[in-house]
Amino acid sequence: MIQSTLRRISKIFAVLAASGAVGLGALLGSLWLEHGSELTLPTPTGSFAVGRAIYDWTDDASMDTLAPVPGTKRELLVWIWYPAAPAGQAAEMDDYVPARMRPAIGPAGGPLKLLTRDLSKVHGHSARGPEMAPRPPSYPVVIMRAGASAPVVSYSTLAEDLASHGYVVVGFDAPYRTFAVVFPDGRAMSRTPENNPEICADQQPALQARCANRVLSAWTADVAFVLDRLERLNAADPSGRFTGRLDMTRVGIFGHSFGGAAAAQFCHDDSRCKAGIDVDGQPFGSVIQEGMRQPFMILLSDHGDSSDPVGRQIRANIQSVYDHLPAAGRLRVAIRGANHFLFSDDGALLKSHIVLRGLRMARVVGIDGRRQLAVTAYCVHSFFDAYLKGTRASRLDISSPLYPEIQLLE
């Protein structure tokens, strides 16, 4: 979250530097005010209130293949957003980021502090551990994967919106590959450099796939483990909250960036996946040549007319995945003006008019970040409504006059 924000904002400094000290001073002042101001994430659009629970799950049967010490067991910090009982039952609203995690996720000080939000001032819409909504008796489950090394909480906008439409949304942070993970007992673990999938993009094509597939196999194994534990939770939740409430016959998965690549490969590998979405992720793995049988949507940002060799290869791989999808259950959609990095909560956190003007001048964004999140949330819940809740036998028409930014690609 921090590193990607720094890369994006640095472009603004370059643009505004040409305007002299006045422009730079105005930017610094705006960033300082924005850093400490209160901000609430976009309101979920569904009819359900949203609850959130956090778990520490350890896999006693398998080792973490990306851990620096051989023999380390897989351990994940699991976040669950879910349809909650109606408000009015004294449910306490949860912090956007729990206080114990903020020092690890947020910057300690210096210039980075100006380029980020004070996470204690950011507010979501999730209550802390309320009972599930009583009806219907069970809900579809959707796994959510963050991009690259980002913490899953930075996708709360999409998770809360999907939960408000009647889904149990499950994301997780993994030690040694998520930027920072803080477990309930206070243990903090950071990503190791060799497990950052972004480094694979800088390698030669012959080595890039090998580098990415090493990390990808661990990511998909994490998803399989989480589904195993959800089945146990559904059978017998010690708190009673989730017992019998998870419909494990209707499981979907979506992810952003490398998380989208993991979503595609997992659907190829595991028949428990019934529908999936890749949000602007470069595909890797055997899914490129072999495809999958499940309904799947490829949701893209606005990549313009890029024609460099790397871009052409990525488009060819996306085309191959698309060509191998079932005709009645495949969608390829672009959001006009959307930026790759603003599918996370960063799209909501960047509100400064000076910052946004600089991003537009640098041609980094084409639409407002909150608008991008709104279009994305609509696409995500509409797709899962059709293929997890519905019995759709034909292709979904996802276009809407409310969201003219949606561009259907054949």
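The table for this structure:
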{"read-out": "Residue list for segment 239-284, restricted to those being more than 12 Å from residue 298 (Cβ to Cβ), of a type in the set (Phe, Trp, Tyr) and not in a loop (DSSP other than H, G, I, E, B)", "value": "258, 266"}
{"read-out": "Members of segment 48-104 found to be among the β-branched types (Val, Ile, Thr), in contact with a strand residue (DSSP E or B) (Cβ under 6 Å, 6 or more places away or on another chain) and closer than 22 Å to residue 154 by Cβ, listed by number", "value": "50, 54, 78, 80"}
{"read-out": "Of residues in segment 123-142 being surrounded by 14 or more Cβ atoms within 10 Å (Cβ to Cβ) and farther than 24 Å from residue 97 by Cα, the one farthest from the chain's Cα centre (by Cα)", "value": "138"}
{"read-out": "Candidates 102, 117, filtered to the one that is at negative phi, at pLDDT below 95 and assigned to a helix (DSSP H, G or I)", "value": "102"}
{"read-out": "Entirely in segment 330-410, the helices (runs of 4 or more DSSP H) that have 1 or more residues that are of a type in the set (A, V, I, L, M, F, W, C) and touching a strand residue (DSSP E or B) at 6+ places or on another chain (Cβ under 8 Å)", "value": "346-349, 369-384"}
{"read-out": "Segment 144-192: number of residues that are over 14 Å from the mean Cα position of the chain (by Cα) and of a type in the set (Asp, Glu)", "value": "1"}
{"read-out": "Residue tally, condition touching a strand residue (DSSP E or B) at 6+ places or on another chain (Cβ under 8 Å) and either of a type in the set (Lys, Arg) or outside any helix (DSSP H, G or I) (or both), over segment 216-238", "value": "1"}
{"read-out": "Residue in segment 188-204 that is at pLDDT below 95, farther than 18 Å from residue 69 by Cα and of a type in the set (A, V, I, L, M) present", "value": "yes"}
{"read-out": "Considering residues of segment 240-266 that are hydroxyl-bearing (Ser, Thr, Tyr) and free of Cβ contacts under 8 Å to residues at least 40 places away in the same chain only, the residue nearest to residue 338 (Cα to Cα)", "value": "249"}
{"read-out": "Of all residues making up segment 121-149, the number that are assigned to a loop (DSSP other than H, G, I, E, B) and either β-branched (Val, Ile, Thr) or in contact with a helix residue (DSSP H, G or I) (Cβ under 7 Å, 6 or more places away or on another chain) (or both)", "value": "5"}
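The values are calculated or read from the model by the stated rules, or taken from the named source; none is laboratory data. Given the structure is predicted, the values throughout are model-derived calculations rather than measurements. Backbone-built Cβ (ideal geometry, glycine too); neighbour counts: all protein chains shown.
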